[in-house]
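Novice: My structure is below; once you've seen it, I'll send some questions.
The values are calculated or read from the model by the stated rules, or taken from the named source; none is laboratory data. None of the values given here were measured: they were computed from a predicted structure. Virtual Cβ from ideal backbone geometry, glycine too; neighbours counted across all protein chains shown. These accessible areas exclude ligands, DNA and RNA; they are computed on the full protein's heavy atoms, side chains included. Shrake-Rupley method; radii C 1.70, N 1.55, O 1.52, S 1.80 Å.
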Amino acid sequence: MATRAVSDGLSERQRALAFATILLAFIMDVADSTIVNTALPAIQQGLGASDRAMQWVVSGYFLSFAVVLVVGGRLGDLFGYARMFTIGVTVFSIASSACGLASDATTLAIARLAQGAAAAIMAPQGVALIQLLYSPSERIGRLAAFGVIGGLAAIGGPMLGGLLIQLNPLGLGWRSVFLINLPFGLLALVAGRMLLPPGRSGHALRIDAPGSLLLFAALGTLLLPLIEGRSAGWPWWMGVLVLASAGLWWVFWRYERSRRARLGSALIEPSLFRDRSFRIGLAATGAFAVASGGFLLTFSVTLQQGLGYSPFDVALLHMPFGLGVMAGISQIGRKALPVHGRRVPIMGAMLMALGCAATGLAVHVALPGVVIGALLLMAGIGMGTLSGPLGPITLSRVDRNHAGVAGAMHKTMQQIGGAMGTALIATIYFSMTGDHRPPVTAFLIATLAVAADLLAIALLLTRLPERLFD
């Protein structure tokens, strides 16, 4: 249980500045998970890196974020939210510097792992601090702003990356994509020390280190074959790793149930899976992250390597996508969900599937950019209409006593799906280009895989209860 709100001791201006500080760090985190997409061709050329190295650069961030996220939340409970926020921002800024100064792809991939872990320490503190700063009724609007701005930041990441590559500030090239975090990180650090209130949990749960290690091993043994298998010629031991991953997931589940029964504290809350809305919502969240992560990655690479677009042109084409996402989250999904229930995300999944597949076809036949932009607008509306309701649906029937861990599990599943999407969809894409297929053909195949995933989500969501919010 978190400490009581401290809002009574702060002026409205102080609370607004504290919220702006939290929001700045949140934008840095979300944008950084996608900002490299547009820069990947420049990074690959600059470092002479392989396709699989580039997959690790993207997937590594999601992987370490997913594993460390719940631990990051517990550290805030134990040692104070403002303190862990500033530690997370500091490590994130240092890791960003390491990314920007990397001399080879291996160093860059390791630095990205550190970046993701630092973001996982930084991010949970923001939600906890909002609990301290605002009353329950006030939190609704603040958390809704997180949803809208988070969706825009995820789309804005590739746009910012393209602009930085095009403008080439100080002659830094692709390195500016990472080094731009330094001034914002310094600002967030200073503001965090000056503006954020102290506070920690009055009943902090224990850190589940063995569970975190099991989760890392289960994810790692699954991602390694996906990313390394093609270049290694799919040796027999790749299949062994996949089987090992399945076994590790089973061990992880058994351990978490046992730990919860023995200690009352675990990385996950097994009892939550008895709720059908939570089970389906969590699965749909992961599958959606696979689709969105894979699509955004392959889209940016294809436009540059397949159609010869400049990074600036790619950034411009992300604008209608971002507008569509904003409309879907803030207008369509939010207003229609209480009235139409599960039909809203189902229609969003189908619209996004149609938009992504149509975009793949338009790129394949080299239609004008204005046509591609219109299709991206449609895909973005579908994306926002699907992604906006997934959080409320997943958490709609969760016991308030488990709200914190349920929210962390939802966020973790987003990161796991992001790692899987950039590994799985990118593997499909790079397998095609590795067989000397044109990038536009590989992108079409990848978008069909994305569309199939989205249609599976739509089918899954039909199993939700008719009434989601009693």
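Novice: Would the range 211-354 count as rounded, prolate or oblate if I go by the C-alpha gyration tensor, calling it rounded below 1.5 in a/c and otherwise prolate when a/b exceeds b/c, oblate otherwise?
Specialist: Since a/c reaches 1.5 but b/c is at least a/b, the shape of the range 211-354 is classed as oblate.
Novice: Given axes a ≥ b ≥ c from the Cα gyration tensor, I'd like to know whether the range 319-382 is rounded (a/c under 1.5), prolate (a/b larger than b/c) or oblate.
Specialist: Verdict is oblate for the range 319-382.
Novice: Would you mind telling me the share, in percent, of accessible area of the range 255-405 contributed by carbon and sulfur at probe 1.4 angstrom?
Specialist: Carbon and sulfur: 64 percent of the exposed surface of the range 255-405.
Novice: Let me ask something else about it. Note the angle between two axes, namely the Cα long axis of helix 36-47 and the longest principal axis of the Cα atoms of the chain, as a number of degrees from 0 to 90, rounded to the nearest 10.
Specialist: Helix 36-47 sits roughly 60 degrees off the main axis of the chain.
Novice: Enumerate the whole-percent occupancy of each 10 Å bin, from 0 to the last occupied one, for all C-alpha pair distances of the range 308-466.
Specialist: Per 10 Å bin, starting at zero, the Cα-Cα P(r) for the range 308-466 comes out as 11, 33, 36, 16, 5, 0 percent.
Novice: Can I ask one more? Short version: ³J(HN,Hα) in whole Hz for each residue of the range 317-324, in order, from phi by Karplus 6.51 cos²θ - 1.76 cosθ + 1.60 (θ = phi - 60°), x for Gly and Pro, what are they?
Specialist: Whole-Hz 3J(HN,Hα) from phi for the range 317-324: 6, 6, 5, x, 4, x, 5, x.
Novice: Looking at the range 23-114, which trypsin sites (Lys or Arg not before Pro) are in a loop (DSSP not H, G, I, E or B) and have at most 13 other Cβ atoms within 10 Å? Don't skip to the answer; put the middle values down first.
Specialist: On the way: sites: R52, R74, R83, R112; in loops: none.
Those that pass, being in a loop and sparsely packed, number zero.
Novice: Same structure, new question: If you count only protein heavy atoms with a 1.4 Å probe, what accessible area per residue comes out for the range 176-299, rounded to a whole Å²?
Specialist: 46
Novice: Evaluate the relative contact order of the chain (contact order divided by residue number), counting alpha-carbon pairs under 8 angstrom at least 6 apart; express in whole percent.
Specialist: 22
Novice: Over the chain, what per residue volume does the convex hull of the Cα atoms give, in whole Å³? Can you show the working numbers first?
Specialist: Values: hull volume 62.1 nm³, N = 470.
Hull volume over Cα atoms, normalised by residue count, gives 132 Å³.
Novice: Where nothing but the Cβ of Lys and Arg (+1) and of Asp and Glu (-1) is charged, how large is the charge dipole of the chain around its Cα centre, in debye to the nearest 20?
Specialist: 1200
Novice: For helix 181-195, report the angle its Cα long axis makes with the longest principal axis of the Cα atoms of the chain; keep it between 0 and 90° and round to the nearest 10°.
Specialist: For helix 181-195, the angle is close to 10 degrees.
Novice: Please give the helix 136-167 orientation as an angle from the longest Cα principal axis of the chain, in degrees from 0 to 90, rounded to the nearest 10.
Specialist: Helix 136-167 sits roughly 30 degrees off the main axis of the chain.
Novice: Mean residue ellipticity at 222 nm from the helices of the chain, using -39,500 (n - 2.57) per DSSP H segment of n ≥ 4 over the full residue count, to the nearest 500 deg cm²/dmol? Could you put the intermediate results ahead of the total?
Specialist: On the way: 17 runs with 372 residues, N = 470.
After summing the helix terms and dividing by the residues of the chain, the value is -27500 deg cm²/dmol.
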